[in-house]
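This report refers to the structure that appears directly beneath it.
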Amino acid sequence: MLDKIKEENILFIDIETVGQQPSYDLLDDHTKELWAKKMTWQSEKESKSPAELYERAGIWAEFGKIVCISAGFIVTEDGERHFRVKSFCGSNEKMILVAFSALLNKHFNKDKHMLCAHNGKEFDFPYICRRLLVNGLPIPKILDCAGKKPWEITNLDTLELWRFGDYKHYTSLDLLANIFNLPSPKENMDGCMVGRTYWDEHNIDSISEYCINDVVTICQLFLRYKGQPIIADTNVDVIPPYITDDHEDEIQ
């Protein structure tokens, strides 16, 4: 199947998320109750309080928010493949989603287009859709799977492709990068550090760089799946990010 997919029709993406508040103590009482109910099983299993588990809040779209979406695509210039990648990031989730949706609606809105992420069908794609709805925004065509049968959903997932129908375990992007001799995307940061980097260090640049590294790795991994050479580091073109804090006047 992969040999029939045109690489230029794929937008490779990754998202980074954090809890909606820096700490459990800042939640209102009702949200604390709802979080405690959500964490009942984890609390019992790990003997941890809901407050101690709040560092994981970014995993759930009901308790988290998106602080970065990175997206990249393959282009051919002078006979060489390049990978162009850009981040949409910052503290205003709604503006991140508006800017990212504009990219999808303008350039990736045809039936031939596809998204590709690692564990995207379980995490990235539904998370983006849920946060779009929470922010009162429409879901772009490429993400809208309402009413579609499973085989009608063409978006790609490098984790699902690796499973070959086996659903018994999760294989991390870092592990797959290692076995395919790709640079680790987790050299300077991993997912559990994003919340602290955002809330404590206010370092959106580091989060953007981390997210971009994941997107580049997803693209290179996909090319490995196809038995093709990866894109040279010198041909990875990082476009300056769209940082919402620089555009606060665009949404009233």
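The values are calculated or read from the model by the stated rules, or taken from the named source; none is laboratory data. For clarity, every value in this text was computed on a predicted model and none was experimentally measured. So basically every Cβ, Gly included, is an ideal-geometry build from the backbone, and we count neighbours across all protein chains shown.
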Subject >> Residue pairs meeting the criteria (Cβ under 8 Å; at least 6 apart or on separate chains; first crowded, with 16+ Cβ neighbours inside 10 Å, in segment 125-141; second part of a loop (DSSP other than H, G, I, E, B) and among the polar types (S, T, N, Q)) >> reply: Phe125/Asn155; Pro140/Asn109
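Considering segment 122-133 alone, what residues qualify as being under 17 Å from Leu159 (Cα atoms) and either among the polar types (S, T, N, Q) or in contact with a strand residue (DSSP E or B) (Cβ under 9 Å, 6 or more places away or on another chain) (or both)? Quick ask: steps written out before the conclusion?
Looking only at segment 122-133, we keep the residues that are under 17 Å from Leu159 (Cα atoms), and these are 122-127.
Matches in segment 122-133: Glu122, Phe123, Asp124, Phe125, Tyr127.
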Original post:
Out of (1) hydroxyl-bearing (Ser, Thr, Tyr); (2) closer than 17 Å to Phe222 by Cβ; (3) touching a helix residue (DSSP H, G or I) at 6+ places or on another chain (Cβ under 6 Å), what's the single condition that is false for Thr76?
Top reply: (3)
**OP:** Taking Gly136 as the residue in question, decide whether it is modelled with pLDDT of 95 or more, in a loop (DSSP other than H, G, I, E, B) and touching a strand residue (DSSP E or B) at 6+ places or on another chain (Cβ under 8 Å).
**Re:** no
**OP:** State whether one or more residues within segment 15-25 are surrounded by 15 or more Cβ atoms within 10 Å (Cβ to Cβ), closer than 25 Å to His118 by Cβ and over 19 Å from the mean Cα position of the chain (by Cα).
**Re:** no
Subject >> Considering residues of segment 28-43 that are under 25 Å from the mean Cα position of the chain (by Cα) and within 10 Å of Tyr54 (Cβ to Cβ) only, the residue surrounded by the most Cβ atoms within 10 Å (Cβ to Cβ) >> reply: Met39
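Is it the case that Lys106 is touching a helix residue (DSSP H, G or I) at 6+ places or on another chain (Cβ under 8 Å) and over 28 Å from Tyr170 (Cα atoms)?
Working: touching a helix residue (DSSP H, G or I) at 6+ places or on another chain (Cβ under 8 Å): no; over 28 Å from Tyr170 (Cα atoms): yes.
Answer is no for this residue.
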**OP:** Could you please let me know if Val98 is surrounded by 17 or more Cβ atoms within 10 Å (Cβ to Cβ) and either over 19 Å from Val194 (Cα atoms) or without any contact (Cβ under 8 Å) to a residue 40 or more places away in the chain (or both)?
**Re:** yes
**OP:** Would you please list the contacts, defined by Cβ atoms under 6 Å and residues six or more apart or on different chains, that run from a residue in segment 168-188 that is touching a residue at least 24 places away in the same chain (Cβ under 8 Å) to a residue that is in a loop (DSSP other than H, G, I, E, B) and surrounded by 12 or more Cβ atoms within 10 Å (Cβ to Cβ)?
**Re:** Leu173/His118; Ala177/Ser184
Original post:
Residue check: is Val75 among the aliphatic types (A, V, I, L, M) and more than 21 Å from Pro240 (Cα to Cα)?
Top reply: no
Subject >> Hits in segment 180-222 - residues which are closer than 16 Å to Thr158 by Cβ, in contact with a helix residue (DSSP H, G or I) (Cβ under 8 Å, 6 or more places away or on another chain) and hydrophobic (A, V, I, L, M, F, W, C) >> reply: Phe180, Leu182, Ile218, Leu221, Phe222
